Amino acid sequence: MFRHQGRSRTLIHNLRIATFLAFVAGIVNVTGFLFFKQLTTHVTGHFSQFINDVADLEFWRGTVYFLYIFSFLFGSFSSSFLIIKFRKNKKLNVFLLPTLIECLILTSIGLLSNVIEMESSDLVVCLLLFAMGLQNSFVTKISNAVVRTTHLTGLFTDLGIEISQMFFPNLYPHREKLKANIKLRIYIISFFFAGGLVGGFFYSELDWKLNTLLFGALILLMSLFYNNIRYRLIKAKRRLNQKQRYKTKNKLV
């Protein structure tokens, strides 16, 4: 799911990566909001606050929201830059780098929260937004802009449009593709919601606080591990089939 691109990418690949990453985004969204009282997976609200502060001539306070927006933007830029930079390296899965950076950020914040006071740290909010910018960028690139996992506004918009199109089969005859898109949107929304529920439970009921981000990082690492094991098994199976075909061909000769 982290390797296939272009025409080789299928709905199954998108569903797998969407479930993992939307779940992680849901965890980060709830954890960041409960701890910092700030949005940490998207910047729509921050942009509104920035404009409001500038309009009230509160430039210094507005600078904080500008940094939030810039952090998400810089995360998106960094992810895309790394992917393009190392794309020619056939031995390297280019999507591995931004995913590992995201894991490192979530893990570092979770662990440091046990020894450092983070109640009002704008830097930590910027780091979480940077991590979500990374995630949103690489999942957008790998899925050819089909999957986005860090915010739901566009997803609900697309879902509403696609459901309405189901009522007009003559105008929209590609029913299977339409159903696949609807299924994908529902999966992303559901797992974002599930991640939020799990994150809220870990944060409040288990009193993990920012350690909840460690669980999100674990999910990311599990997705990478799953992807790597599956990739190796598929390669091994192909080699075995090639050897069997080669032996069969020699016997016939």
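Mind checking whether some residue in region 217-230 is under 25 Å from HIS13 (Cα atoms), open to solvent by less than 30 Å² (accessible area, probe 1.4 Å) and at pLDDT 95 or above?
yes
For LEU206, are the conditions met, namely being within 30 Å of ASN114 (Cβ to Cβ), open to solvent by 60 Å² or more (accessible area, probe 1.4 Å) and at pLDDT 90 or above?
yes
Report, by residue number, each residue of region 53-84 that is among the acidic types (Asp, Glu) and either open to solvent by 30 Å² or more (accessible area, probe 1.4 Å) or touching a residue at least 40 places away in the same chain (Cβ under 8 Å) (or both).
Result: ASP56, GLU58.
What is the number of the single condition among (1) touching a residue at least 24 places away in the same chain (Cβ under 8 Å); (2) closer than 19 Å to HIS151 by Cβ; (3) part of a helix (DSSP H, G or I); (4) open to solvent by 40 Å² or more (accessible area, probe 1.4 Å) that PHE50 does not meet?
Tallying (1) touching a residue at least 24 places away in the same chain (Cβ under 8 Å); (2) closer than 19 Å to HIS151 by Cβ; (3) part of a helix (DSSP H, G or I); (4) open to solvent by 40 Å² or more (accessible area, probe 1.4 Å), PHE50 fails exactly one: (1).
Looking only at region 122-163, which residues are polar (S, T, N, Q), closer than 16 Å to LEU15 by Cα and either part of a helix (DSSP H, G or I) or open to solvent by less than 40 Å² (accessible area, probe 1.4 Å) (or both)?
GLN135, ASN136, THR140, SER143, THR149, THR150
Where residues in region 164-201 are under 12 Å from GLY26 (Cα atoms) and of a type in the set (A, V, I, L, M), which of them is least open to solvent (accessible area, probe 1.4 Å)?
Among residues in region 164-201 that are under 12 Å from GLY26 (Cα atoms) and of a type in the set (A, V, I, L, M), the one least open to solvent (accessible area, probe 1.4 Å) is ILE188.
Scan region 165-183 and report the pairs whose first residue is more than 20 Å from LEU155 (Cβ to Cβ) and whose second residue is part of a helix (DSSP H, G or I), with Cβ atoms within less than 7 Å and a gap of 6+ or a chain change.
Cβ pairs passing all conditions: PRO169/ARG175.
Count, please, the residues in region 105-121 that happen to be of a type in the set (A, V, I, L, M, F, W, C), touching a helix residue (DSSP H, G or I) at 6+ places or on another chain (Cβ under 8 Å) and open to solvent by 70 Å² or more (accessible area, probe 1.4 Å).
Looking only at that region, the number is 1.
The values are calculated or read from the model by the stated rules, or taken from the named source; none is laboratory data. Owing to the predicted nature of the structure, the values given are computational and were not obtained by experimental measurement. As a convention, Cβ positions derive from the backbone with ideal geometry for all residues, glycine included, and neighbour counts pool all protein chains shown. Keep in mind that these areas ignore ligands, DNA and RNA; they rest on the heavy atoms of the full protein, side chains included. Shrake-Rupley method; radii C 1.70, N 1.55, O 1.52, S 1.80 Å.
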